[in-house]
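Following: one structure in structure tokens, then a few remarks.
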Amino acid sequence: MPTLTPVELATQRLLLRPMDERDTEAHYAVFSDPAVTRYWSTEPWTSIDQAVQAIARIRSAFADGSELRLGIVLRETGELIGNCALHHFVDASRRCEIGYALASAHWGKGYAGEALEALVEYGLRALDLNRIEADIDPDNVASGRVLEKLGFRKEGYMPERWIVHGKPADTVYYGLLRRYRDGG
Ligand SMILES: CC(C)(COP(=O)(O)OP(=O)(O)OC[C@H]1O[C@@H](n2cnc3c(N)ncnc32)[C@H](O)[C@@H]1OP(=O)(O)O)[C@@H](O)C(=O)NCCC(=O)NCCS
């Protein structure tokens, strides 16, 4: 696992920063919304305690180098509207996975693409990754579109990889190689 150092990434409209206790309610608002968890293998949260525990886990995973999850904050208002992460690092192969979620009130404004562009560049340059992977539901059109705009390419299809809200769900696997961005 890489040694993660505290980082803040600023984009035109967003600040990506480490999360802490002040984010509990906003983090709960994201994951208690069934629209957000529609394609996830976990149910929407029903207790604020789940957000408290999640933030504690995020902080401990950052400390042990296993996950870099950053809150996505609107610079104009300071509101936390979601989060994004690099996780499942495989150091020997300089790769990891990417994950992200935004509060549904903020979808369709280009925020995910803007945030993930900064996160991906940080991963490939500062963390020296060679490859970033994503695993999404084929029906999650917005997520696929975000990935493709970032340069990810579809690599594979895995039927019934997950059980999502009681039903088997397929996976489309995406990959982004550093050389795609370096013109190779
Ligand atoms: C996936 C998600 C992060 C996208 O966030 P977003 O900020 O709305 O995405 P963007 O505004 O950057 O949109 C990216 C592209 O997807 C397109 N898009 C968005 N919603 C769409 C939809 N329902 N159908 C088709 N295209 C869609 C946008 O038009 C845009 O493409 P364009 O720039 O060519 O117009 C957001 O929908 C989300 O948080 N979903 C729930 C959590 C989730 O599924 N996370 C991913 C798990 S793998």
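The values are calculated or read from the model by the stated rules, or taken from the named source; none is laboratory data. All figures in this text were calculated on a predicted structure; none of them were measured in a lab. All Cβ positions, even for glycine, are placed from backbone atoms using ideal geometry, and neighbour counts span all protein chains on display. The area values use the complete protein model at the heavy-atom level, side chains included, leaving out ligands, DNA and RNA. Shrake-Rupley method; radii C 1.70, N 1.55, O 1.52, S 1.80 Å.
Table for the structure above
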{"quantity": "Residue within segment 87-95 that is within 13 Å of the ligand (Cβ to nearest atom), open to solvent by less than 50 Å² (accessible area, probe 1.4 Å), touching a His at 6+ places or on another chain (Cβ under 9 Å) and within 24 Å of Thr24 (Cβ to Cβ) present", "calculated": "no"}
{"quantity": "Restricting segment 108-140 to residues that are within 23 Å of Arg161 (Cβ to Cβ) and out of contact with any strand residue (DSSP E or B) (no Cβ under 7 Å at 6 or more places or on another chain), the residue that is surrounded by the fewest Cβ atoms within 10 Å (Cβ to Cβ)", "calculated": "Asp139"}
{"quantity": "Subset of segment 102-124 [assigned to a helix (DSSP H, G or I), in contact (Cβ under 8 Å) with a residue 40 or more places away in the chain and within 6 Å of the ligand (Cβ to nearest atom)]", "calculated": "Tyr111"}
{"quantity": "Pick from segment 125-184, criterion out of contact with any Lys or Arg (no Cβ under 7 Å at 6 or more places or on another chain), assigned to a strand (DSSP E or B) and acidic (Asp, Glu), ranking: farthest from Cys96 (Cα to Cα)", "calculated": "Glu160"}
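Residue-wise test of (1) aromatic (Phe, Trp, Tyr); (2) away from the ligand (no atom under 14 Å from the Cβ).
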site	(1), (2)
Arg17	no, yes
Tyr39	yes, no
Pro44	no, no
Asp49	no, yes
Ala61	no, yes
Gly65	no, yes
Gly78	no, yes
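Residues checked against (1) in a helix (DSSP H, G or I); (2) open to solvent by less than 80 Å² (accessible area, probe 1.4 Å); (3) among the β-branched types (Val, Ile, Thr):
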residue	(1), (2), (3)
Thr24	yes, yes, yes
His27	yes, yes, no
Ala35	no, yes, no
Ser41	no, yes, no
Gln50	yes, yes, no
